[in-house]
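A quick write-up on the structure given underneath.
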Amino acid sequence: MNLSPFPANQDAARARLYARHRETLDDFWNADGTFGWAKNTSAQTGFRRSLWHCTAYLGGDARCVERANKIIRAKHVQTPCHFAPGAALDVIHHYGDRLEPETVALLTRYLSLSVPYMATEDLKIHGYNDNHVYKAIHTLIVGGELLELPDMVERGLFKLRQAVDVFKRTDFPCEYNSSTYTGVSLQPLASLIESAKNEEARELALKLEQFYWRDVALHFDPRAGVPTGPMSRAYEGDYTARMSNILHMVALLFPDRFDFDPVEEVYGTDYGGDFAPPSVRPAFPDYTARAVWLLRPTYHVPQATAEMIFNKPVGSTVRGTTESGTSAISWTPETRPSESPRVHHIGPRRSTITTYYGDKHTLGTGRYSWLAGGQTHNFYATIARSERRHIHDATVYYARMFFDDNSPYLETPQMSSCFCDEGEIRTVQHEGSAMVFYNPLPIKGKIRRIRTGLFRPMAFNRPAEVWVGETRIPTLNYSGANPSPIAIDEGNVFVGIRPLMLTQPAQQARKANVQVQTYSDHLAILFSSFEAWGPTDLTYEAIIAHNSGFVFEIQSASAFDSFASFRKWLAAAEIEDDYYADMRTTTYRRNGLELSSCYSPFQSAFRYISVNGVDIDSGMTGERLLNL
């Protein structure tokens, strides 16, 4: 088994990060080991995060080591947790000789209670959150070896073998391309390789670690320097192209590849500065502790995979399959839509995710939502605005369907760590073009508004021009009745948006179908498909059959004579969008491309998807069939 660590600078990167983190000792922690961050005394740091902090502190001088032991004893609990047992094992494995006897006894007792907890049937790869499974496997095997529990070690091996078997039939993880949770899967796998005595466990964990690094490599925009492509689970720091877990990990492991310092940009500015989203800054101690934990193990990134992170052939498309488990929506009597079943079930799915790498841009989509899709970003685009690999020069677009005013980026800005999607998304993509379909999830019955929005963060940069039809919107504040084409000049990239069919119930209060507005450093392009003066009781079927969506074009500016010629090209495209027999059939035609599909909002699967007349799943055209 080749256990050569790559990149080679990991010890130095870890030492630098940990030394910088030890400077927070008195800022975050009181002398008795209790948490006491003066900048936000309401922030809470639980047992797992306390152990993450101590992973850095225990490598320091006698004062840091003494304080770390006090922190562990002060924050110690015995309640079950998916994260804390693995962190306890990391502390024991790397710093056992720096732990006081009482600390060792507490951690050993905690592990004796936690290891059997990880043996449950739910902690296997089922199409849900992979990261819990790997934390459980790490705890079962390394904890089982420490406590001399061979049956727990064998249970961990069973789960490892099952994970490898699942990913023999898929191209990407179930919890694919999560800027937050891919790192949380990688950490216990690498820790297992580092700490386990069992050779089979280390070999299987290495296969899985490198499988997840491939997911990272294939979904990273090397021009913009941020993760890209469709995401299974994302928080504000992920989808707004700020300092996500994965970006921080990659920048710490490959610091010479970025045009910013991943340590000083986080620690050298108040509350993490503009690299951390506003929702993260009140929890800055937790944010930094996470990076300490993620950098603890030694990783084994294949050199070819590492090169793939930073070099993609222009014009290449990454496409592969993923698996999703089941999900369900149930209601309280007050929120239940009329005429609904007891539970709304969302079945298991095998989906295709696609990412296209253009000249200075990417476009990524997922064919179906992952689980209920609340955290999923199955439409996501990135743009590199300069030659710097820097967050300040990255631009992203993402989409959300939401009820009422459940958006943090509208008239009343809201502090939110996650903008939840309240619609079910389906997509069809070819290179830099995509049809994006939305239908609401029946989350509640009484609804005032249903809107579909495209969002572009503007904390670091702004578009050069935005046009709706033939009207330039210099103030980025517009409301109109017609779903006209929307064109955006991003400098080296042009973005085009064509609204699709908007359901128009009789209760629609006004014909404000398209709105462009800016709040909370976000450009929001909104399509209203239902609006009433007050909450309206919609039936279960009426909600699900509520159609919305858009066609998205992202193209290199160099392909057009001017932005005006791009706008003309966008407006000339033809769209057919019909709803009949509970099926939505849509065709988008423009010069050189035809996208067509049909689906029912009451079922997951498409009836068909074709690109330029070719069914993309079978590859057979009608002409070829006639010639057989």
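The values are calculated or read from the model by the stated rules, or taken from the named source; none is laboratory data. Treat the numbers as computed from the prediction; the structure is a model and nothing was measured. All Cβ positions, glycine included, derive from the backbone under ideal geometry; neighbour counts span all protein chains shown. With ligands, DNA and RNA removed, areas are computed over all heavy atoms of the protein, side chains included. Shrake-Rupley method; radii C 1.70, N 1.55, O 1.52, S 1.80 Å.
Per residue, the chain exposes 37 Å² of accessible surface when a 1.4 Å probe is rolled over the protein heavy atoms with every protein chain present. Using alpha carbon centroids, what distance separates region 286-325 and region 69-143, in Å? Result: 25 Å between the Cα centres.
Given a 1.4 Å probe and the protein chains as shown, GLU264 ends up with an accessible area of around 70 Å². In plain terms, if you count all Cα to Cα distances in the chain and split them into 10 Å steps from zero, the share in each step is 3, 16, 25, 25, 18, 9, 3, 0, 0 percent. Could you pull out the pairs from LYS135/LYS168; LYS124/LYS197; LYS207/LYS312; LYS159/LYS444; LYS207/LYS360 whose alpha carbons sit more than 28 Å apart here? Beyond 28 Å: LYS159/LYS444; LYS207/LYS360.
Distance from the alpha carbon centroid of region 524-558 to that of region 1-35 works out to 46 angstrom. Expressed as a whole percent, the accessible area of the chain that falls on carbon and sulfur atoms is 50 (1.4 Å probe). Exposure check, 1.4 Å probe, all protein chains in place: ASP32 carries approximately 90 Å² of accessible surface. About its Cα centre, the dipole of region 380-440 is roughly 340 debye, where the only charges are +1 on Lys and Arg Cβ and -1 on Asp and Glu Cβ.
Its Cα gyration tensor gives region 404-492 an equivalent ellipsoid; the semi-axes, largest first and in whole Å, are 25, 18, 15. The heavy atoms of ILE575 offer some 50 square angstrom of accessible surface to a 1.4 angstrom probe.
Cα-based radius of gyration for region 39-165, normalised by 2.2 N^0.38 Å, reads 1.11. Which of the lysines could a cross-linker span from LYS446 if the Cα-Cα distance has to be under 21 Å and same-chain partners fewer than 8 positions apart are dropped? Straight-line reach from LYS446, under 21 Å: LYS511. Working note: Debye formula, equal point scatterers on the alpha-carbon atoms of region 485-615, no solvent; log10 I(q)/I(0) at q = 0.12, 0.22 Å⁻¹ is -0.60, -1.33. Residues ARG498, ARG73, ARG16, ordered by accessible area of protein heavy atoms at a 1.4 angstrom probe radius and largest first, appear as ARG16, ARG73, ARG498. Under the convention that each Lys and Arg Cβ holds +1 and each Asp and Glu Cβ holds -1, the size of the dipole of the chain around its Cα centre is about 380 debye. If you sort THR108, THR586, THR298 by accessible surface, 1.4 Å probe, largest first, the order is THR108, THR298, THR586. Shown are MET249, MET152, whose ranking by accessible area with a 1.4 Å probe and every protein chain present, most to least, is MET152, MET249. For region 420-436, 3J(HN,Hα) computed residue by residue from phi via the Karplus equation (6.51, -1.76, 1.60; θ = phi - 60°) reads 7, 7, 10, x, 9, 9, 9, 9, 9, 9, 9, 6, x, 10, 8, 9, 10 Hz, glycine and proline entered as x.
Here region 521-572 has an Rg and Dmax of 17.8, 50 Å, counting Cα atoms alone.
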